[in-house]
Amino acid sequence: MSERNPVRVLIVDDHALFAEALMLTLGIDERIEVVAHAANGAEAITLTRTLRPDVVLMDLHMPGMDGIEATKAVRRVWPPARVVMVTASNSPHSRQWAYEAGVVRYVTKDTPALELLDTVVAVASTPPRLHPPRIAEAARLGRTA
């Protein structure tokens, strides 16, 4: 088995207790390194720009900038980021808006911890999705999104 760098994760959630629990859960897996926690969308953008995480675990409902807008902004400042929406909402509309914004996976907050750990590692090894405006550009240039 070859040595691999751990998956660098940024957690974005305005609920401190949930974010801390998530940091502790992710911290038990040697394949994952939590690089920071952002309490809102604006912090997420700043931290993404400076830390360049592999995966961003994004809450959907936050004050100020919601997870949909924050995802779009994160993808603009660091296109290789894989955003996973982690939310209490199981709404089909929220799920659709999240995927349109550029998330690669949508999971609810009742997802078992081991499943979330595996999801983080799995999405880190998949090619990043292009931000929607870049999809047309890639198609024009003959690349796949």
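The values are calculated or read from the model by the stated rules, or taken from the named source; none is laboratory data. In this text, all values refer to a predicted model and were calculated from it rather than measured experimentally. Neighbour counts are summed over all protein chains in view; Cβ atoms, including those assigned to glycine, are modelled from backbone coordinates with ideal geometry. Ligands, DNA and RNA are stripped out before the accessible areas are found, and what is left, the full protein with its side chains, is counted by its heavy atoms. Shrake-Rupley method; radii C 1.70, N 1.55, O 1.52, S 1.80 Å.
Descriptive notes on the structure:
- Residues 78, 97 ordered from highest to lowest accessible area at a 1.4 Å probe: 97, 78.
- 10 Å Cβ shell holding at most 16 others, DSSP loop, GluC sites (Glu not before Pro): longest site-free stretch of the chain: 31-145
- When you restrict to C-alpha pairs under 8 Å that are six or more residues apart and normalise by the size of the stretch 1-56, the relative contact order lands at 47 percent.
- Using θ = phi - 60° and Karplus 6.51 cos²θ - 1.76 cosθ + 1.60, couplings along the stretch 81-91 (whole Hz; Gly, Pro as x): 4, 9, 9, 10, 7, 10, 8, 7, 7, 10, 5
- For the stretch 54-67, the Karplus equation 6.51 cos²θ - 1.76 cosθ + 1.60, evaluated at θ = phi - 60°, returns couplings of 6, 10, 10, 8, 10, 6, 7, 9, 9, x, x, 9, 6, x Hz by residue, with Gly and Pro reported as x.
- With all protein chains in place and ligands, DNA and RNA left out, the 1.4 Å accessible area ranks 62, 23 as 23, 62, largest first.
- Area of residue 32 that stays accessible when all protein chains are in place (1.4 Å probe, Å², to 10): 10
- Solvent-accessible area of residue 91, all protein chains in place: 40 Å² (probe radius 1.4 Å, heavy atoms, ligands and nucleic acids excluded).
- Gap separating the Cα centres of the stretch 1-56 and the stretch 95-122, nearest whole Å: 14
- Only one item in (i) 1.33; (ii) 1.00; (iii) 1.27 matches Cα Rg over 2.2 N^0.38 Å derived from the coordinates shown, and that item is (ii).
- Quarter of Cα convex hull surface for the stretch 51-127, i.e. mean projection, nm²: 5.1
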